[in-house]
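Engineer: Got a structure here, written out as C-alpha coordinates. Questions coming.
The values are calculated or read from the model by the stated rules, or taken from the named source; none is laboratory data. None of these values were measured; they are calculated from a predicted model. Note that we place each Cβ from the backbone using ideal geometry, even for glycine, and neighbour counts take in every protein chain shown.
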Amino acid sequence: MGWWDWLKKGKVAEPTPQLTQGLQKSREGFWARIRRFFEGKKKIDPQNREEIEELLLAADVGPQATEQILKQLEESLRQKPLTVKETLLERLRGILISMIDRPFHPREGQPYVILLVGVNGTGKTTTLARLAHNLKKENKKVLLAAADTFRAAAVDQLRIWAERLSVPLVEKGMGADPGAVAYEAVQKAVKEGYEVLLIDTAGRLHNRKHLMDELSKIYRVTGKALTGAPHEVLLVLDATTGQNALRQAEVFQEAVHCTGVVLTKLDGTAKGGVAFAVVQQTGLPIRFIGVGERAEDLLPFSPEAFVEGLLTFA
Ligand SMILES: Nc1nc2c(ncn2[C@@H]2O[C@H](COP(=O)(O)OP(=O)(O)OP(=O)(O)O)[C@@H](O)[C@H]2O)c(=O)[nH]1
Ligand SMILES: [Mg+2]
(Lines give C-alpha, C1' and ligand atoms only; values in the text may rest on other atoms or scores of the structure.)
(Ligands and ions follow the chains in the order given, each with its own letter.)
Protein backbone atom coordinates (compact mmCIF):
# COMPACT_ATOMS: atom_id res chain seq x y z
CA MET A 1 0.00 0.00 0.00
CA GLY A 2 1.29 3.41 -0.97
CA TRP A 3 1.73 6.59 1.01
CA TRP A 4 -0.82 8.38 -1.10
CA ASP A 5 -3.42 5.72 -0.34
CA TRP A 6 -2.57 5.99 3.31
CA LEU A 7 -2.97 9.75 3.29
CA LYS A 8 -6.28 9.62 1.49
CA LYS A 9 -7.81 6.50 2.96
CA GLY A 10 -5.96 5.74 6.15
CA LYS A 11 -6.05 1.99 5.60
CA VAL A 12 -4.22 -0.09 8.15
CA ALA A 13 -0.56 -0.50 7.39
CA GLU A 14 1.49 -3.65 7.82
CA PRO A 15 4.13 -4.12 10.52
CA THR A 16 7.61 -3.46 9.20
CA PRO A 17 11.16 -4.27 10.32
CA GLN A 18 11.73 -0.55 10.98
CA LEU A 19 8.85 -0.58 13.46
CA THR A 20 10.16 -3.64 15.26
CA GLN A 21 13.60 -2.08 15.44
CA GLY A 22 12.34 1.38 16.35
CA LEU A 23 10.33 0.11 19.31
CA GLN A 24 13.15 -2.05 20.62
CA LYS A 25 13.96 0.15 23.62
CA SER A 26 10.34 0.20 24.75
CA ARG A 27 9.80 -3.48 24.06
CA GLU A 28 12.89 -4.46 26.02
CA GLY A 29 12.34 -1.77 28.63
CA PHE A 30 9.11 -0.90 30.37
CA TRP A 31 6.94 -3.03 28.10
CA ALA A 32 8.97 -6.17 28.83
CA ARG A 33 8.02 -5.69 32.47
CA ILE A 34 4.38 -5.24 31.53
CA ARG A 35 4.43 -8.29 29.28
CA ARG A 36 6.06 -10.50 31.93
CA PHE A 37 3.61 -9.35 34.57
CA PHE A 38 0.48 -9.85 32.46
CA GLU A 39 1.44 -13.17 30.94
CA GLY A 40 1.57 -14.74 34.38
CA LYS A 41 -1.73 -13.36 35.62
CA LYS A 42 -5.26 -14.71 35.51
CA LYS A 43 -7.11 -12.07 37.51
CA ILE A 44 -7.06 -8.57 38.90
CA ASP A 45 -7.21 -8.14 42.67
CA PRO A 46 -6.70 -5.00 44.75
CA GLN A 47 -3.01 -5.71 45.21
CA ASN A 48 -2.00 -6.42 41.66
CA ARG A 49 -4.31 -3.66 40.46
CA GLU A 50 -1.92 -1.24 42.09
CA GLU A 51 1.04 -2.98 40.50
CA ILE A 52 -0.56 -2.78 37.07
CA GLU A 53 -1.19 0.89 37.62
CA GLU A 54 2.44 1.48 38.52
CA LEU A 55 3.70 -0.47 35.51
CA LEU A 56 1.53 1.46 33.07
CA LEU A 57 2.35 4.82 34.62
CA ALA A 58 6.06 4.01 34.45
CA ALA A 59 5.66 3.33 30.73
CA ASP A 60 4.20 6.85 30.24
CA VAL A 61 0.64 5.71 29.66
CA GLY A 62 -0.55 8.55 31.92
CA PRO A 63 -3.11 8.46 34.74
CA GLN A 64 -6.31 8.77 32.71
CA ALA A 65 -5.45 6.20 30.05
CA THR A 66 -4.15 3.88 32.77
CA GLU A 67 -7.42 4.08 34.67
CA GLN A 68 -9.36 3.49 31.47
CA ILE A 69 -7.28 0.41 30.65
CA LEU A 70 -7.80 -1.00 34.15
CA LYS A 71 -11.55 -0.41 34.02
CA GLN A 72 -11.81 -2.02 30.61
CA LEU A 73 -9.76 -5.00 31.78
CA GLU A 74 -12.04 -5.49 34.77
CA GLU A 75 -15.15 -5.11 32.63
CA SER A 76 -13.82 -7.54 30.07
CA LEU A 77 -13.13 -10.14 32.77
CA ARG A 78 -16.61 -9.65 34.22
CA GLN A 79 -18.25 -10.13 30.86
CA LYS A 80 -16.10 -13.00 29.70
CA PRO A 81 -13.86 -14.83 32.16
CA LEU A 82 -10.49 -16.02 30.89
CA THR A 83 -10.37 -19.48 29.38
CA VAL A 84 -7.87 -22.00 30.73
CA LYS A 85 -5.37 -21.11 28.01
CA GLU A 86 -5.80 -17.33 28.14
CA THR A 87 -3.86 -14.90 30.31
CA LEU A 88 -4.43 -11.24 31.09
CA LEU A 89 -1.89 -10.38 28.40
CA GLU A 90 -4.27 -11.24 25.56
CA ARG A 91 -6.97 -9.05 27.07
CA LEU A 92 -4.55 -6.20 27.57
CA ARG A 93 -3.42 -6.47 23.96
CA GLY A 94 -6.97 -6.13 22.66
CA ILE A 95 -7.75 -3.19 24.92
CA LEU A 96 -4.58 -1.35 23.96
CA ILE A 97 -5.29 -1.81 20.26
CA SER A 98 -8.85 -0.56 20.48
CA MET A 99 -7.72 2.38 22.57
CA ILE A 100 -5.43 3.78 19.87
CA ASP A 101 -7.58 2.73 16.94
CA ARG A 102 -9.25 6.05 16.22
CA PRO A 103 -11.15 6.56 12.99
CA PHE A 104 -9.57 8.79 10.43
CA HIS A 105 -11.93 10.86 8.31
CA PRO A 106 -10.34 11.38 4.93
CA ARG A 107 -10.96 14.68 3.22
CA GLU A 108 -11.04 15.49 -0.44
CA GLY A 109 -8.95 18.23 -1.92
CA GLN A 110 -6.56 19.07 -4.67
CA PRO A 111 -4.02 20.25 -3.86
CA TYR A 112 -4.16 18.22 -0.67
CA VAL A 113 -2.83 20.72 1.85
CA ILE A 114 -1.04 19.46 4.95
CA LEU A 115 0.02 21.78 7.75
CA LEU A 116 2.61 20.60 10.25
CA VAL A 117 2.48 22.12 13.73
CA GLY A 118 4.24 21.45 17.03
CA VAL A 119 6.78 22.90 19.44
CA ASN A 120 10.38 23.36 18.38
CA GLY A 121 12.48 20.29 17.90
CA THR A 122 9.65 17.75 17.80
CA GLY A 123 10.40 16.84 14.18
CA LYS A 124 8.08 18.91 11.96
CA THR A 125 10.59 19.70 9.23
CA THR A 126 12.01 16.17 9.24
CA THR A 127 8.51 14.70 8.99
CA LEU A 128 7.64 17.07 6.16
CA ALA A 129 10.75 16.05 4.23
CA ARG A 130 10.01 12.36 4.77
CA LEU A 131 6.43 12.75 3.60
CA ALA A 132 7.64 14.65 0.54
CA HIS A 133 10.21 11.94 -0.17
CA ASN A 134 7.67 9.13 -0.02
CA LEU A 135 5.00 10.93 -2.03
CA LYS A 136 7.50 11.94 -4.66
CA LYS A 137 8.53 8.30 -5.03
CA GLU A 138 4.91 7.63 -5.98
CA ASN A 139 5.16 10.32 -8.64
CA LYS A 140 2.96 12.77 -6.81
CA LYS A 141 3.46 16.41 -7.65
CA VAL A 142 4.61 17.88 -4.33
CA LEU A 143 5.18 21.49 -3.27
CA LEU A 144 6.76 22.70 -0.02
CA ALA A 145 6.22 25.97 1.82
CA ALA A 146 8.58 27.55 4.36
CA ALA A 147 6.15 29.20 6.76
CA ASP A 148 8.63 28.92 9.62
CA THR A 149 10.14 32.34 9.01
CA PHE A 150 11.23 32.91 12.59
CA ARG A 151 14.73 31.49 12.20
CA ALA A 152 16.95 31.86 9.14
CA ALA A 153 18.16 28.31 9.73
CA ALA A 154 14.61 26.99 9.41
CA VAL A 155 14.25 28.31 5.87
CA ASP A 156 17.74 27.07 4.99
CA GLN A 157 16.98 23.61 6.36
CA LEU A 158 13.88 23.34 4.21
CA ARG A 159 15.68 24.69 1.15
CA ILE A 160 18.31 21.99 1.53
CA TRP A 161 15.59 19.34 1.73
CA ALA A 162 13.81 20.79 -1.29
CA GLU A 163 17.00 20.64 -3.34
CA ARG A 164 17.88 17.17 -2.17
CA LEU A 165 14.40 15.88 -3.00
CA SER A 166 14.08 17.97 -6.18
CA VAL A 167 10.81 19.39 -4.93
CA PRO A 168 9.96 23.07 -5.42
CA LEU A 169 9.75 25.34 -2.40
CA VAL A 170 7.83 28.55 -1.77
CA GLU A 171 9.84 30.80 0.51
CA LYS A 172 10.10 34.47 1.27
CA GLY A 173 13.07 34.34 3.60
CA MET A 174 13.46 34.92 7.29
CA GLY A 175 11.13 37.45 8.88
CA ALA A 176 8.55 37.21 6.09
CA ASP A 177 4.88 36.98 7.02
CA PRO A 178 4.21 33.22 7.36
CA GLY A 179 0.57 33.78 6.39
CA ALA A 180 1.70 35.34 3.12
CA VAL A 181 4.02 32.39 2.44
CA ALA A 182 1.17 29.94 3.03
CA TYR A 183 -1.26 31.95 0.89
CA GLU A 184 1.15 32.22 -2.00
CA ALA A 185 1.99 28.53 -1.78
CA VAL A 186 -1.66 27.49 -1.93
CA GLN A 187 -2.27 29.76 -4.91
CA LYS A 188 0.74 28.36 -6.72
CA ALA A 189 -0.31 24.80 -5.92
CA VAL A 190 -3.79 25.42 -7.30
CA LYS A 191 -2.60 27.20 -10.41
CA GLU A 192 0.13 24.74 -11.28
CA GLY A 193 -1.76 21.58 -10.46
CA TYR A 194 0.21 20.28 -7.49
CA GLU A 195 -1.32 17.28 -5.76
CA VAL A 196 0.17 17.84 -2.31
CA LEU A 197 1.29 20.97 -0.50
CA LEU A 198 3.26 20.54 2.72
CA ILE A 199 3.52 23.64 4.91
CA ASP A 200 6.24 23.87 7.57
CA THR A 201 5.58 26.14 10.55
CA ALA A 202 7.54 27.58 13.45
CA GLY A 203 7.79 25.77 16.76
CA ARG A 204 8.87 28.78 18.72
CA LEU A 205 8.25 32.51 18.59
CA HIS A 206 8.79 35.32 21.09
CA ASN A 207 6.12 33.78 23.26
CA ARG A 208 3.45 31.13 23.16
CA LYS A 209 0.55 33.48 22.48
CA HIS A 210 2.38 34.93 19.54
CA LEU A 211 2.99 31.44 18.16
CA MET A 212 -0.62 30.39 18.54
CA ASP A 213 -1.87 33.61 16.94
CA GLU A 214 0.47 33.04 14.04
CA LEU A 215 -0.62 29.44 13.58
CA SER A 216 -4.29 30.28 13.61
CA LYS A 217 -3.59 32.98 11.05
CA ILE A 218 -1.77 30.53 8.76
CA TYR A 219 -4.68 28.16 9.20
CA ARG A 220 -7.28 30.80 8.29
CA VAL A 221 -5.32 32.20 5.38
CA THR A 222 -4.86 28.73 3.92
CA GLY A 223 -8.63 28.24 4.02
CA LYS A 224 -9.17 31.58 2.33
CA ALA A 225 -6.84 30.67 -0.51
CA LEU A 226 -8.57 27.33 -1.00
CA THR A 227 -11.90 26.37 0.50
CA GLY A 228 -11.54 23.24 2.63
CA ALA A 229 -7.80 23.68 3.18
CA PRO A 230 -5.81 22.71 5.13
CA HIS A 231 -7.08 19.16 4.66
CA GLU A 232 -4.82 17.76 7.28
CA VAL A 233 -3.21 19.46 10.28
CA LEU A 234 -0.62 17.17 11.77
CA LEU A 235 0.37 17.82 15.35
CA VAL A 236 3.95 16.64 15.73
CA LEU A 237 4.82 15.39 19.22
CA ASP A 238 8.13 14.06 20.53
CA ALA A 239 7.59 10.74 22.34
CA THR A 240 10.65 11.28 24.53
CA THR A 241 8.99 14.27 26.21
CA GLY A 242 6.40 11.98 27.77
CA GLN A 243 3.52 13.67 29.52
CA ASN A 244 4.75 17.12 28.41
CA ALA A 245 3.54 16.22 24.95
CA LEU A 246 0.01 16.17 26.35
CA ARG A 247 0.21 19.73 27.57
CA GLN A 248 1.52 20.82 24.18
CA ALA A 249 -1.32 19.03 22.44
CA GLU A 250 -3.86 20.91 24.51
CA VAL A 251 -2.40 24.30 23.58
CA PHE A 252 -2.15 23.53 19.86
CA GLN A 253 -5.63 22.06 19.71
CA GLU A 254 -6.99 25.34 21.04
CA ALA A 255 -5.27 27.32 18.29
CA VAL A 256 -5.92 25.14 15.25
CA HIS A 257 -8.17 22.27 14.29
CA CYS A 258 -5.70 19.37 14.36
CA THR A 259 -6.70 16.27 12.41
CA GLY A 260 -4.01 13.85 13.52
CA VAL A 261 -0.80 13.28 15.42
CA VAL A 262 2.71 12.40 14.31
CA LEU A 263 4.55 10.80 17.22
CA THR A 264 8.28 11.05 16.61
CA LYS A 265 11.43 9.70 18.28
CA LEU A 266 9.82 6.52 19.54
CA ASP A 267 13.23 4.93 18.98
CA GLY A 268 14.64 7.19 21.69
CA THR A 269 12.46 6.09 24.56
CA ALA A 270 12.09 2.91 26.62
CA LYS A 271 8.55 3.93 27.56
CA GLY A 272 6.47 4.44 24.44
CA GLY A 273 3.19 4.48 26.35
CA VAL A 274 2.62 8.15 25.62
CA ALA A 275 0.86 7.04 22.41
CA PHE A 276 -2.08 5.80 24.50
CA ALA A 277 -2.20 8.95 26.61
CA VAL A 278 -2.07 11.17 23.52
CA VAL A 279 -4.92 9.42 21.74
CA GLN A 280 -6.99 9.20 24.90
CA GLN A 281 -6.57 12.89 25.66
CA THR A 282 -6.70 14.46 22.21
CA GLY A 283 -9.19 12.11 20.60
CA LEU A 284 -7.02 12.34 17.48
CA PRO A 285 -5.76 9.41 15.45
CA ILE A 286 -2.01 8.91 15.24
CA ARG A 287 -1.26 9.15 11.53
CA PHE A 288 2.48 8.58 11.43
CA ILE A 289 5.25 7.59 13.81
CA GLY A 290 8.95 8.38 13.71
CA VAL A 291 11.16 5.48 14.72
CA GLY A 292 14.64 6.60 13.77
CA GLU A 293 17.01 8.97 12.05
CA ARG A 294 16.68 7.63 8.50
CA ALA A 295 14.26 8.75 5.81
CA GLU A 296 12.53 5.37 5.90
CA ASP A 297 11.94 5.69 9.62
CA LEU A 298 8.67 7.58 9.26
CA LEU A 299 5.87 5.02 9.18
CA PRO A 300 2.12 5.09 8.65
CA PHE A 301 0.62 4.15 11.99
CA SER A 302 -1.09 0.86 12.59
CA PRO A 303 -2.58 0.20 16.08
CA GLU A 304 -2.13 -3.57 15.75
CA ALA A 305 1.45 -3.34 14.56
CA PHE A 306 2.29 -0.79 17.24
CA VAL A 307 0.96 -2.91 20.10
CA GLU A 308 2.66 -5.96 18.64
CA GLY A 309 5.89 -3.96 18.48
CA LEU A 310 5.60 -3.17 22.19
CA LEU A 311 4.53 -6.55 23.48
CA THR A 312 5.76 -9.27 21.16
CA PHE A 313 9.19 -10.78 21.19
CA ALA A 314 10.09 -12.39 17.90
N1 LIG B 1 15.86 9.53 16.61
C2 LIG B 1 14.94 10.23 15.96
N3 LIG B 1 15.18 11.50 15.67
C4 LIG B 1 14.22 12.19 15.02
C5 LIG B 1 12.99 11.61 14.64
N6 LIG B 1 12.25 12.57 14.04
C7 LIG B 1 13.00 13.69 14.04
N8 LIG B 1 14.18 13.48 14.63
C9 LIG B 1 15.28 14.45 14.86
O10 LIG B 1 14.81 15.52 15.66
C11 LIG B 1 15.54 16.70 15.39
C12 LIG B 1 14.61 17.89 15.22
O13 LIG B 1 13.85 17.71 14.06
P14 LIG B 1 13.25 18.91 13.21
O15 LIG B 1 12.50 18.29 12.10
O16 LIG B 1 14.27 19.91 12.86
O17 LIG B 1 12.26 19.55 14.28
P18 LIG B 1 11.27 20.78 14.09
O19 LIG B 1 10.00 20.42 14.77
O20 LIG B 1 11.18 21.17 12.67
O21 LIG B 1 12.01 21.90 14.95
P22 LIG B 1 11.92 23.50 14.80
O23 LIG B 1 12.10 23.83 13.37
O24 LIG B 1 13.01 24.00 15.69
O25 LIG B 1 10.57 23.90 15.32
C26 LIG B 1 16.38 16.38 14.15
O27 LIG B 1 17.70 16.16 14.54
C28 LIG B 1 15.76 15.09 13.61
O29 LIG B 1 16.69 14.28 12.94
C30 LIG B 1 12.76 10.24 14.97
O31 LIG B 1 11.72 9.64 14.72
N32 LIG B 1 13.77 9.60 15.63
MG1 LIG C 1 11.56 22.92 11.69
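Engineer: Quick one: in segment 289-308, of everything that is under 12 Å from the mean Cα position of the chain (by Cα) and within 16 Å of ligand 2 (Cβ to nearest atom), which residue is nearest to ASN134 (Cα to Cα)?
Structural biologist: The qualifying residue nearest to ASN134 (Cα to Cα) is LEU298.
Engineer: So, one more: Being within 8 Å of ligand 1 (Cβ to nearest atom) and surrounded by 21 or more Cβ atoms within 10 Å (Cβ to Cβ), is that true of even one residue in segment 139-149?
Structural biologist: First, pick out the residues of segment 139-149 that are within 8 Å of ligand 1 (Cβ to nearest atom): 148.
Checking the rest, the ones that are also surrounded by 21 or more Cβ atoms within 10 Å (Cβ to Cβ) come to 148.
Scanning segment 139-149 turns up at least one residue that is within 8 Å of ligand 1 (Cβ to nearest atom) and surrounded by 21 or more Cβ atoms within 10 Å (Cβ to Cβ).
Engineer: What number of residues within segment 150-185 are within 16 Å of ligand 2 (Cβ to nearest atom), surrounded by 16 or more Cβ atoms within 10 Å (Cβ to Cβ), assigned to a helix (DSSP H, G or I) and free of Cβ contacts under 8 Å to residues at least 40 places away in the same chain?
Structural biologist: Residues flagged as within 16 Å of ligand 2 (Cβ to nearest atom), surrounded by 16 or more Cβ atoms within 10 Å (Cβ to Cβ), assigned to a helix (DSSP H, G or I) and free of Cβ contacts under 8 Å to residues at least 40 places away in the same chain within segment 150-185 amount to 6.
Engineer: For segment 255-266: of the residues being touching a Ser or Thr at 6+ places or on another chain (Cβ under 9 Å) and surrounded by fewer than 24 Cβ atoms within 10 Å (Cβ to Cβ), which is farthest from VAL221 (Cα to Cα)? If you could, list the steps in order and put the result at the bottom.
Structural biologist: Keep residues of segment 255-266 that are touching a Ser or Thr at 6+ places or on another chain (Cβ under 9 Å), which gives 255-256, 258, 261-262, 264-266.
From the residues that got through so far, the ones that are surrounded by fewer than 24 Cβ atoms within 10 Å (Cβ to Cβ) too are 255-256, 258, 265.
Numbers: ALA255: 14, VAL256: 12, CYS258: 16, LYS265: 31 Å.
Ranking the candidates gives LYS265 first.
Engineer: Scan segment 276-286 and give yes if some residue there is closer than 14 Å to THR16 by Cβ, in contact (Cβ under 8 Å) with a residue 60 or more places away in the chain and either within 16 Å of ligand 2 (Cβ to nearest atom) or under 14 Å from the mean Cα position of the chain (by Cα) (or both), otherwise no. Steps first, please.
Structural biologist: First, pick out the residues of segment 276-286 that are closer than 14 Å to THR16 by Cβ: none.
Checked segment 276-286: no residue is closer than 14 Å to THR16 by Cβ, in contact (Cβ under 8 Å) with a residue 60 or more places away in the chain and either within 16 Å of ligand 2 (Cβ to nearest atom) or under 14 Å from the mean Cα position of the chain (by Cα) (or both).
Engineer: Pick from segment 186-205 the residues that are assigned to a strand (DSSP E or B) and within 16 Å of ligand 2 (Cβ to nearest atom): which of them is nearest to LYS217 (Cα to Cα)?
Structural biologist: So in segment 186-205, the residues assigned to a strand (DSSP E or B) come out as 196-201.
Right, trim to within 16 Å of ligand 2 (Cβ to nearest atom) and you get 198-201.
Numbers: LEU198: 16, ILE199: 13, ASP200: 14, THR201: 11 Å.
Only one residue fits best here, namely THR201.
Engineer: Would you please name the residue that is modelled with the lowest pLDDT, looking only at residues in segment 7-26 that are among the charged types (D, E, K, R), under 25 Å from GLU195 (Cβ atoms) and part of a helix (DSSP H, G or I)?
Structural biologist: Only one residue fits best here, namely LYS9.
Engineer: Identify, please: which residue in segment 102-130 is of a type outside the set (S, T, N, Q), within 13 Å of ligand 2 (Cβ to nearest atom) and not in a strand (DSSP E or B) and is, among those, surrounded by the fewest Cβ atoms within 10 Å (Cβ to Cβ)?
Structural biologist: GLY121
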